[in-house]
Amino acid sequence: HFLSTPVPSTSHRPATMLSALRSPLAFRSLQRATAGSLARPSFLAMTPKIIASKVANPRFYSTTFVGAEPPIEERIDELREQSFLGGGEKRIQAQHAKGKLTARERIEALVDPGSFKEYDAFKEHRCTNFGMEKQKFLGDGVVTGHATINGRLVYLFSQDFTVFGGSLSETHAEKICKVMDKAMKVQAPIIGINDSGGARIQEGIDSLAGYAEVFQRNVMSSGVIPQISLVMGPCAGGAVYSPAITDFIFMVENSSYMFVTGPDVVKTVTQEEITQEELGGAKAHTTKSGVAHRSFENDLDLLHQTRNFFDFMPANQGEKPPSRTTNDSRYRDSACLDTLIPHDPNKPYDIKDVINEIVDDRYFFEIMPNWAKNIVVGFARFEGHPVGIVANQPKELAGCLDINASIKAARFVRFCDAFNFPIVTLVDVPGFLPGTVQEHNGIIRNGAKLLYAYAEATVPKVTVITRKAYGGAYDVMSSKHLRGDTNYCWPSAEIAVMGAKGAVEIIYRKDSDIAAREAEYKQKFANPLPAASRGFIDDIIHPSLTRTHICEDLEILREKRLDNPIKKHGNIPL
C-alpha cells in the first residue's frame, strides 16, 4: 500500500519514504509487511530503487534519490524507529512478563487500525541533575496523539512504564498538556492511559509544576468534553488527582493501583502492614473507596470494553450522545414485568431484571456495579438513543438511600446532565438508611447532593415508581416536584410519608386495634391513587408497557429546552 500510494505532482515534500511513514502505526505496519527489514540500512538504501522499479507513473513517489538517502532523512527514520522501542526491548519484555501491554500496544488495541497520529515523538527531557543528561529516551515516557474509535475522533495519551517507570517530568507534562489543549480546541473527548510511578524525583519542583498544569486542564475540561482515565499500572502520589477529576476511571485487576501514600509510608506512619493491591488495587477502589468506576480482568478486556463504552459518549457538551439504528421495537412484549413485583412488599427483587427488559437489546453498561450496590447506575439505549439510568436496588439494603448511594447517583446524574443524556429513574425506595453511623457521617449533607443533582438537571427526566416511594426519598428520586418531565408508577406503587406500620404506631399509638388501623392506612395511602389524584403522577401504567411509554416520552422530549438561572455556579453541598 505504501509503495503504491499516489501523491499530487505539486507536492513540495522530500520525495522519500519519510512522507509515507509520518505515522508510527504506518511505519510499523510497513515494518511488519517487510518482515522487519526496515531495521537494516540495506533496505533503506534500496528503497528508492525498489520504488523506481515498481512505479513508472510520475505522479507516484519520486525516484530522484538512488542509493543512500540524505543523512538527515535517514537519521529521522532511525530516530522514529527508536522512539517505538521506548525504554528498549529488555524493558518491553519485562512489561509483557507482567501480563501488561506497552504504551503503544495499548493505543493500537484501543483505537481504529491505522488511525493514530502521534505528536512529539522526538521530544526529550531537559534535566541535567544527577546525570540525567546521559539518560534520554525519545518521547520521554509518554505517547500522545489523536485517533478514532469506531470512526469518532478521540485524543489520548499513554504513559510508557518502560521509560523511567513512566514518571512525569516537565517535558512529559508538556506533552500531555498539549494533547489536552488540542482536545479542548476541537471539542473532542480525551482518554488518558495511566502507568506511572509518579513524579520524576530528579526534576524536583518542575515535575510538581507539571502535575498542576495537567490538573488545571482537567478542571477546565470538566463538563466540556468527556474525560476517561484508564489506570493500567501504578498511579501514585499527586498523580492520582488527575484521574480523580476525570469523569470515569477504569482499572485492571491485579496489575493497577492508586494511592496517595504507598505501603511503606503507611507502615512508617500507622504501623499497618498492607500490600499495594490491598491498599489501592482495583478491588479496593471498586468495592470500598468508590474511586474507580469499573475493573477488568486484563489490559485487552479493559481496552475492548472502553471501545464499547466510548460509543455512548458525545464529543462534547454541545452535542447529543451518538445514536444508532436498532431493530428492537418499542412495542416488544415485556409481559414478564407484570408478575415481577412480589405480593409481599418486604420481599426483594432484582431491579436489573427491569432494566434489562426495558432497554434496547437488553444491553446495560453498568457504572460502579460493586460499590453502593443499593443503587444502580449506568448507560443504555432506547430506540438507539443513549440514556442514563438510575435505579434503587431492593436486593441491597432494601433499596434505602445511604451516604455512598447518594454520592454515586449524584455524580452520575450530574454527568448525564452535563453531556445531554436523558435520565430514566426507576424508584423503589423505603427512605434514607437510619442509624448513628449514617447521621454522624453526614447523610443530611450527602443525601442533599442527590437532591441537588436532580433538581439542577435540565435534560429529559422520566421516572417510574415500581413499588415503594417513602418520605424524603420520594422527593429526591426525580419526583415531579424536582421538574420531572414524566412521572409514572406501576399499580404496585406505594407513595407515602412512611410505611403503614410505622405511620400507624405514631398516629394511633394509644389505639388498641393497631392491626385494623394499619389496614385502614394501607387502603388509604399504600397505593398510587392519592398521588395521581393530585397530578404528582402522570399515569398509572401496566409494567409490561413501560418500555413503550418511555420510548414515546423520550421521543417527545428530545428537543426539550429548559434553562437554569444565570449564575457563576451553584454551591452544591460537597
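Numbers for the structure displayed
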quantity	calculated
The stretch 488-507 residues that are under 14 Å from residue 537 (Cα atoms), paired with ones that are among the small types (Gly, Ala, Ser) (beta carbon under 6 Å, 6 or more apart)	494/526; 495/469; 495/531
Residue selected from the stretch 491-511 under the condition of a type in the set (Val, Ile, Thr) and open to solvent by 10 Å² or more (accessible area, probe 1.4 Å), by the criterion modelled with the highest pLDDT	495
Filter pass, residue 208 being among the aliphatic types (A, V, I, L, M), assigned to a strand (DSSP E or B) and open to solvent by 10 Å² or more (accessible area, probe 1.4 Å)	no
Exclusive hit being modelled with pLDDT of 95 or more and within 26 Å of residue 301 (Cα to Cα), set 179, 214, 186, 219	179
Residue among 361, 338 that is touching a residue at least 24 places away in the same chain (Cβ under 8 Å), assigned to a helix (DSSP H, G or I) and on the phi > 0 side of the Ramachandran plot	361
Residue list for the stretch 382-399, restricted to those being outside any helix (DSSP H, G or I) and open to solvent by 20 Å² or more (accessible area, probe 1.4 Å)	383, 385, 395, 396
Residue check for residue 369: open to solvent by less than 60 Å² (accessible area, probe 1.4 Å) and touching a residue at least 60 places away in the same chain (Cβ under 8 Å)	yes
Qualifying residue in the stretch 157-165 (condition: modelled with pLDDT under 90 and assigned to a helix (DSSP H, G or I))	yes
Verdict on residue 526 being closer than 17 Å to residue 428 by Cα, touching a strand residue (DSSP E or B) at 6+ places or on another chain (Cβ under 7 Å) and open to solvent by 20 Å² or more (accessible area, probe 1.4 Å)	yes
Residue match in the stretch 264-277 (condition: under 22 Å from residue 371 (Cβ atoms), under 18 Å from the mean Cα position of the chain (by Cα) and polar (S, T, N, Q))	no
Within the stretch 310-334, tally of residues that are assigned to a helix (DSSP H, G or I) and open to solvent by 50 Å² or more (accessible area, probe 1.4 Å)	0
Cross-chain or 6+ apart pairs with Cβ under 7 Å, the stretch 375-391 first and farther than 20 Å from residue 249 by Cα, then surrounded by fewer than 24 Cβ atoms within 10 Å (Cβ to Cβ) and among the basic types (Lys, Arg)	383/330; 384/324
Enumerated helices (runs of 4 or more DSSP H) restricted to the stretch 61-140, each holding at least 1 residues that are modelled with pLDDT of 90 or more and either closer than 21 Å to residue 232 by Cβ or open to solvent by 30 Å² or more (accessible area, probe 1.4 Å) (or both)	89-97, 103-110
Residue match in the stretch 224-238 (condition: part of a helix (DSSP H, G or I) and under 25 Å from residue 140 (Cα atoms))	yes
When residues of the stretch 191-205 are limited to those that are touching a residue at least 40 places away in the same chain (Cβ under 8 Å) and outside any strand (DSSP E or B), the one most open to solvent (accessible area, probe 1.4 Å)	202
Selection status of residue 270, surrounded by fewer than 21 Cβ atoms within 10 Å (Cβ to Cβ) and polar (S, T, N, Q)	yes
Selection count, the stretch 312-363, where residues are charged (D, E, K, R) and under 23 Å from the mean Cα position of the chain (by Cα)	7
Qualifying position, being touching a residue at least 60 places away in the same chain (Cβ under 8 Å), open to solvent by less than 40 Å² (accessible area, probe 1.4 Å) and more than 22 Å from residue 291 (Cβ to Cβ), among 224, 231	224
Residue check, residue 283 at pLDDT 95 or above, under 20 Å from residue 558 (Cβ atoms), open to solvent by 60 Å² or more (accessible area, probe 1.4 Å) and more than 16 Å from the chain's Cα centre (by Cα)	no
Selection status of residue 565, without any contact (Cβ under 8 Å) to a residue 60 or more places away in the chain, in a loop (DSSP other than H, G, I, E, B) and not hydroxyl-bearing (Ser, Thr, Tyr)	yes
Positions within the stretch 286-301 being assigned to a helix (DSSP H, G or I), closer than 14 Å to residue 367 by Cα and open to solvent by less than 20 Å² (accessible area, probe 1.4 Å), in sequence order	286
Residue ID - farthest from residue 231 (Cα to Cα), chosen from residues in the stretch 141-166 that are small (Gly, Ala, Ser) and either surrounded by fewer than 22 Cβ atoms within 10 Å (Cβ to Cβ) or touching a His at 6+ places or on another chain (Cβ under 6 Å) (or both)	151
Count - residues of the stretch 530-574 that are within 30 Å of residue 384 (Cα to Cα), of a type in the set (Lys, Arg) and open to solvent by 30 Å² or more (accessible area, probe 1.4 Å)	3
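Every residue, every condition in (1) closer than 19 Å to residue 426 by Cβ; (2) touching a strand residue (DSSP E or B) at 6+ places or on another chain (Cβ under 8 Å), yes or no:
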position	(1), (2)
497	no, yes
507	no, no
518	no, no
531	yes, yes
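The values are calculated or read from the model by the stated rules, or taken from the named source; none is laboratory data. All values reported here derive from a predicted model rather than from experimental measurement. Positions of Cβ are backbone-derived with ideal geometry, glycine not excepted, and every protein chain shown enters the neighbour counts. The accessibility values were calculated without ligands, DNA or RNA, using every heavy atom of the protein model including side chains. Shrake-Rupley method; radii C 1.70, N 1.55, O 1.52, S 1.80 Å.
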